[in-house]
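Notes follow once the structure below has been shown.
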Amino acid sequence: MRSLVLALSLALLGCPATHRYPQLIKRESAPAPVTIFRDVRVFTSTGTTALEHQDVRVDDGRITAIAPTGTDVTGARVIEGAGKTLIPGYVDFHVHLTGSPAPPWAVAWPDEAHNARALLASGITSAMDAGGELEKLKALWKSQGEASWLGPRFWYSGQIVSLKDGYPTSMVNILYPWPANLAADQRFAGPISTEVEAIAAVDWRMHNGAHHIKLAIASVPLNAQTMPPELVKATVTRAHEKGAKAVAHIDTAVHALRAARAGVDALMHGIHLGELSATDAAELKAANLVVSPTLVVFDRAEKLLEFRFEPTEMEKRLYPASFLTPFTPEVNRQQTLDPKLLEWLGKLKADHDKRLAAVKTLYDAGVPILAGSDASGSIGCLAGGAFLDELRLLSEAGIPNADVLRAATVLPARFIAGDAADFGTIEPGKRADLVLLDGNPLDDITVTSKLVTVMQGGAVIEKVE
């Protein structure tokens, strides 16, 4: 029924744009049995320092050795690494494969294949989908085993468990006209009103292969109702009973603490409205949860509000001009936004410094910070490029570059797969999901955007011009 409603809504809408996206990448057809990255700086992500002048050997898709340079390379494919840094493949902790980052004045049909390619082209070899159309995600999950899949390995939640008429429905209704709002809402929202419905919502998602459960505790616009504590608790408890972690979209310290007290495992945004005190941060630390601030979401919202949004050089390669043009100031200035949305954006802008301070407060309290971009889930959060921009913003918020790299690799890997994760670090026996960077990201975080080689499971991901 849900898919039928969505199809009918889109048929009524009739005119979301369909863009011709570039192919971007291809997987090498015959991966070398043995590859050696020679004389490379290695950031293993197991600590906060790098190993200089190392050779890293990959056999049949796995890392088999890390040793001082000078090892025997006979019979191996050699990738020269002098002056470069080898890091684990990025793990984007917050993506939406079935969404679109297009603005509401230029609605675009979601393209899951392009979203996946753009992520992988940016060095994102693994990802966690934090809300989307469950049936489609289930099908995409199965396709990962096929040779045609070009994208990160991913884990998904399906539609967000949300309060009826609360977020994200409340936001969608002021962003999009009817029936586009109905179509978008069907992709992301799963409304509940009672504890019985909360339990059923979790059970339905888990029955359809969900790996984690996402719920929303947010007030967007500012007067929207939020999920009450008893529904939060019922949702989280059922997720844990089913063996799944629960993650929550939040916006204020009040909502973060509501989530923490219910046992939520991760906050999928930082405190971006209002302040976070050291006392509140200490309580979040005691709750043993992790936080993915997604600073890029709010940074780009502010830039759009102020008519100064500019795609990165990476995004100009990942997306066609037809997709990017609606973001330009010339087009953006012609739009009229809902007063409720403007009120929310105004509050967001006013709390800019508080948002950055909250990230540093969490970090100083010992709360693990994980890098996520909300790729294709928020306006202007272009898949791939937004993640790389997020790393820059985390650094600017005061997170040491080494811990920004860990936030983008080992920490989300451990959240997803536990201490036994076979990705997220460079160690013998781990998957050869690797990114070679031109420079040293420990000195300059923008080096994280200077990709030389992307390898996934031992296969080099080649650019298609």
**OP:** Apply the Karplus parameterisation 6.51 cos²θ - 1.76 cosθ + 1.60, with θ equal to phi minus 60°, to every residue of segment 129-142 and state each ³J(HN,Hα) to the nearest whole Hz, in sequence, with x for glycine and proline.
**Re:** 7, 10, x, x, 5, 4, 4, 5, 5, 4, 5, 5, 4, 5
Subject >> Exposure proxy order (Cβ contacts within 10 Å, fewest to most) of SER277, SER100 >> reply: SER277, SER100
Original post:
Between segment 58-114 and segment 392-433, how many Å separate their Cα centres?
Top reply: 13 Å
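Beyond 28 Å, what share of the Cα-Cα pairs of segment 328-465 is found? Please give it as a whole percent.
Value for segment 328-465 (Cα pairs over 28 Å): 30 percent.
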**OP:** On a C-alpha basis, how far is the centre of segment 252-275 from the centre of segment 331-364 in Å? Whole number, if you could?
**Re:** 17 Å
**OP:** Could you go through segment 336-344 in sequence order and give the Karplus-derived ³J(HN,Hα) for each residue, using 6.51 cos²θ - 1.76 cosθ + 1.60 with θ = phi - 60°, rounded to whole Hz, and x for Gly and Pro?
**Re:** 10, 9, 4, x, 5, 5, 4, 4, 5
**OP:** Arrange the peptides 220-227, 453-460, 88-95 so that the one whose residues have, on average, the most other Cβ atoms within 10 Å appears first.
**Re:** 88-95, 453-460, 220-227
Subject >> Dipole of segment 239-379, positive direction: furthest Cα of ALA321, VAL290, HIS240, with charges on the beta-carbon >> reply: HIS240
Subject >> the chain, helix-only ellipticity at 222 nm - DSSP H runs n ≥ 4, -39,500 (n - 2.57), divided by all residues, nearest 500 >> reply: -10500 deg cm²/dmol
**OP:** Mind computing the radius of gyration and Dmax over the alpha-carbon atoms of segment 231-337? Å is fine for both.
**Re:** 18.4, 52
Original post:
Beyond 35 Å, what share of the Cα-Cα pairs of the chain remains, rounded to the nearest whole percent?
Top reply: 27 percent
**OP:** Could you tell me which of the pairs LYS26/LYS142; LYS136/LYS450; LYS360/LYS463; LYS136/LYS164; LYS285/LYS349; LYS26/LYS245 are separated by over 25 angstrom between their Cα atoms in the structure shown?
**Re:** LYS136/LYS450; LYS360/LYS463; LYS285/LYS349; LYS26/LYS245
Original post:
With charges only on Cβ, +1 for K and R and -1 for D and E, what is the dipole size of the chain about its Cα centre, in debye, rounded to 20?
Top reply: 640 debye
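Read the figures in this text as sums done on the coordinates, not as results from a lab. Predicted model only: the values in this text are computed from it and were never measured. With ideal geometry, Cβ positions are generated from the backbone for all residues, glycine too; neighbour counts draw on all protein chains shown.
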